[in-house]
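The values are calculated or read from the model by the stated rules, or taken from the named source; none is laboratory data. Quantities reported herein were computed from a predicted structural model and do not represent experimental measurements. When we count neighbours, we look across all protein chains shown, and the Cβ atoms used for this are built from the backbone with ideal geometry, even at glycine.
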Amino acid sequence: MPSASLLKAWSRSKCIFSSRRFRRPRAKTHLHAAHETAIYQLSGISGCWYGERMEHHAVVHAGDFFYILAGVPHIPYNPSADEPCVAVIARTDPNEQESLTMRPDLDALPDWSKAASSSV
């Protein structure tokens with residue numbers, strides 16, 4: 001069993017939480033400047049536009065891992081009108097929301113018609 005001080009040190013540099021996105025919500029474009037994000041999809045399907053100009057798109061199914069490098073702008077979303085998606089998310093920053101940098105200049109860039117057709 002790790003010592004209490006080791007666990008305390010680990011907790012200062014990590015954040016692990018679950019996320020549940022209900023029907024068709026999406027986040028605003030943002031990035032985490034100094035930390036990485038690893039996602040394990042538990043149920044449902046989620047999508048994510050990412051890249052400097054939102055030029056990349058990923059569809060993440062239950063059982064998939066998805067990794068976002070530090071400093072990469074992204075927009076996660078749930079493409080389903082009927083099913084929530086649930087994921088476990090781990091970041092290399094202990095703060096869940098405080099380290100976000102919003103990028104409203106990129107909100108209009110994704111081609112949402114392509115996202116809908118690739119998520120099935």
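Keeping to the stretch 93-105, report how many residues are surrounded by 11 or more Cβ atoms within 10 Å (Cβ to Cβ) and modelled with pLDDT under 80.
Here the count works out to 5.
List pairs: first in the stretch 33-55 and under 14 Å from ALA115 (Cβ atoms), second among the charged types (D, E, K, R), Cβ under 8 Å, 6+ apart or cross-chain?
Between residues of the stretch 33-55 that are under 14 Å from ALA115 (Cβ atoms) and residues that are among the charged types (D, E, K, R), the close pairs are ILE45/GLU83; SER46/ARG21.
Scan the stretch 79-92 for residues that are outside any strand (DSSP E or B) and either at pLDDT below 85 or aliphatic (A, V, I, L, M) (or both) and jot them down.
Answer for the stretch 79-92, where residues must be outside any strand (DSSP E or B) and either at pLDDT below 85 or aliphatic (A, V, I, L, M) (or both): ALA81, THR92.
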